[in-house]
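> Following this message is one structure expressed as structure tokens.
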Amino acid sequence: MDKPKITTENQVEKPISLNNRDNILRIALVEFAEKGLSGVRVEQIAKAAKTNIRMIYHYFKSKEQLYVEVLEYTVNELRRSELQLNLDIQQIDPIIGILKLYDFTEQHFATHRELFRILQFENLQQAQNIQQSIEIPLVSSHLLHYIEVLLQRGISLGVIKAGIDPLHLYTMIVSLIVFPKSNALTMSFMFKTNLVDAEWQQKHKEMCREMLESFIQA
């Protein structure tokens with residue numbers, strides 16, 4: 001869709017506040033997380049955001065660019081929240097530091113379900129759109145450094161076993177967290193048990209946390 005043009009000379013585009021831009025991103029995230037890139041129309045986003053299409057195209061040249069910026073917005077929110085943990089990775093007990101990262105990540109995915117939904121859609125598209133982002137790899141790089149420092153300190157202290165790759169460990173953490181959330185409904189039907197139930201989820205979280213701790217210990 002081409003960017004709409006103003007056809008009336010006296011019609012003046014109102015300046016868009018940063019809050020309105022953020023609101024468009026938040027609304028677009030919900031839409032894309034539910035329907036994927038191909039299933040969303042810009043008109044739907046404009047209506048849900050209580051704005052008009054001109055305002056959306058003022059910031060975003062196309063639906064595809066909006067989608068990429070939504071991906072960046074979502075990942076950045078996760079990374080900013082991780083930094084707010086304010087853990088001193090040079091002083092904290094390494095095992096406790098890794099478990100705190102697990103606890104934070106579990107809570108974030110539990111309260112931001114749109115995150116793993118939109119990433120699932122992007123994986124179905126062979127990650128074609130996220131590859132347009134320069135920002136996402138940059139903001140993600142600090143995370144592996146965080147884990148690497150904790151692992152190395154743990155090895156030096158004799159509390160964490162050697163040979164654990166930071167990316168493998170983070171992938172393991174996310175896998176333990178996301179799978180039981182993203183597949184809870186289908187597995188509930190398969191096994192006639194309510195996996196969405198808060199008590200079931202809490203018990204599963206505690207079990208996965210114990211597995212993680214046992215795995216990294218020397």
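> Can you list, bin by bin at 5 Å, the percent of alpha carbon pairs in the stretch 19-102, starting at 0?
Reading the bins upward from 0: 3, 13, 22, 18, 10, 7, 8, 8, 6, 4, 0.
> Aspartates and glutamates within cross-link reach of K203: Cα-Cα under 16 Å, excluding same-chain residues under 8 positions apart?
Counting by Cα, and skipping residues close in sequence, K203 has these aspartates and glutamates nearby: D103, E106, E213.
> Would you please state which residues of the stretch 55-71 a label at L138 would reach in this model, taking the label point 7 Å out along Cα→Cβ and a backbone N cut-off of under 20 Å?
Correct set: 60-61, 65-71.
> May I pose another question? Build a GNM of the chain with springs between Cα atoms under 10 Å: which of F121, F191, F32 gets the top mean-square fluctuation?
Looking only at F121, F191, F32, the biggest GNM fluctuation is shown by F191.
> How much solvent-accessible surface does K35 expose, in Å² to the nearest 10, with a 1.4 Å probe and all protein chains in place?
80 Å²
> Determine, for each peptide in 47-53, 114-120, 85-91, the mean count of other beta carbons within 10 angstrom over its residues, then list the peptides with the highest first.
The packing order, highest mean first, is 114-120, 47-53, 85-91.
> Determine how large the accessible area of H168 is when every protein chain is in place; take a 1.4 Å probe and give Å² rounded to the nearest 10.
Only protein atoms counted, so the area is about 140 Å².
> Let me ask something else about it. Over 19 Å apart: what share of the alpha carbon pairs of the stretch 105-218 falls there, rounded to a whole percent?
For the stretch 105-218, the share of Cα pairs beyond 19 Å comes to 58 percent.
> Kindly provide the helix-only [θ] at 222 nm of the chain, computed as the sum of -39,500 (n - 2.57) over DSSP H runs of four or more divided by all residues, to the nearest 500 deg cm²/dmol?
-22500 deg cm²/dmol
> Of G158, H145, N123, which is farthest along the charge dipole of the chain in the positive direction, counting Lys and Arg as +1 and Asp and Glu as -1 at C-beta?
Checked the options; the winner is N123.
> OK, next. Which Rg and Dmax, in Å, describe the Cα atoms of the chain?
So, for the chain, Rg and Dmax equal 20.9, 73 Å respectively.
> Give the residue from I136, Q90, A49 lying farthest towards the positive end of the charge dipole for the chain; charges sit on Cβ (+1 for Lys and Arg, -1 for Asp and Glu) and the dipole is referred to the Cα centre.
The listed residue farthest towards the positive side: A49.
> Keeping every protein chain in place, order H108, H145 by accessible area at 1.4 Å, biggest value first, i.e. largest first.
Descending order: H145, H108.
> From the Cα gyration tensor of the stretch 32-75, with a ≥ b ≥ c the square roots of its eigenvalues, which class applies: rounded if a/c is under 1.5, or else prolate if a/b is larger than b/c, or else oblate?
Here the stretch 32-75 falls in the oblate category.
> Here is a further query. So how much accessible area does T171 have, in Å² to the nearest 10, using a 1.4 Å probe?
Around 70 Å² of this residue is reachable by solvent.
The values are calculated or read from the model by the stated rules, or taken from the named source; none is laboratory data. Source: prediction; values computed, not measured. Don't worry about glycine lacking a Cβ; one is built from the backbone with ideal geometry, like all the others, and counts go over all protein chains shown. Accessible surface areas use protein heavy atoms only, side chains included; no ligands, DNA or RNA. Shrake-Rupley method; radii C 1.70, N 1.55, O 1.52, S 1.80 Å.
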